[in-house]
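The values are calculated or read from the model by the stated rules, or taken from the named source; none is laboratory data. The structure presented is a predicted model; accordingly, all values stated were derived computationally and were not measured. Please note: Cβ atoms are built from the backbone with ideal geometry, for glycine as well, and neighbour counts cover all protein chains shown.
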Amino acid sequence: MGWGRWAHFPAGLVFGLLFILFSGHPWRWYIAIDGAYTVYVFGLAIGSIIKDMDDLFGDPQIAKPL
């Protein structure tokens, strides 16, 4: 279970916030969708980075050779 699995929650919050903030703007749908998609993609990327961190720094449970 990683962070990327839950990336849609902050994206949904950003969508709602931007939709409300730009309610008088004719491009509110596009602004809200683009903002939410950006948050979603970065959430997936950060989740993947955290999940695969041991590939970069080594698995701490594997003993190092002498």
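Residues that are surrounded by fewer than 14 Cβ atoms within 10 Å (Cβ to Cβ), among the small types (Gly, Ala, Ser) and not in a loop (DSSP other than H, G, I, E, B) within the stretch 18-41 are absent altogether. Of the residues making up the stretch 1-17, those that are at pLDDT below 95, exposed (fewer than 15 other Cβ atoms within 10 Å of the Cβ) and among the hydrophobic types (A, V, I, L, M, F, W, C) are MET1, TRP6, PHE9. Of the residues making up the stretch 18-37, those that are touching a residue at least 12 places away in the same chain (Cβ under 8 Å) and either out of contact with any Gly (no Cβ under 7 Å at 6 or more places or on another chain) or among the small types (Gly, Ala, Ser) (or both) number 7.
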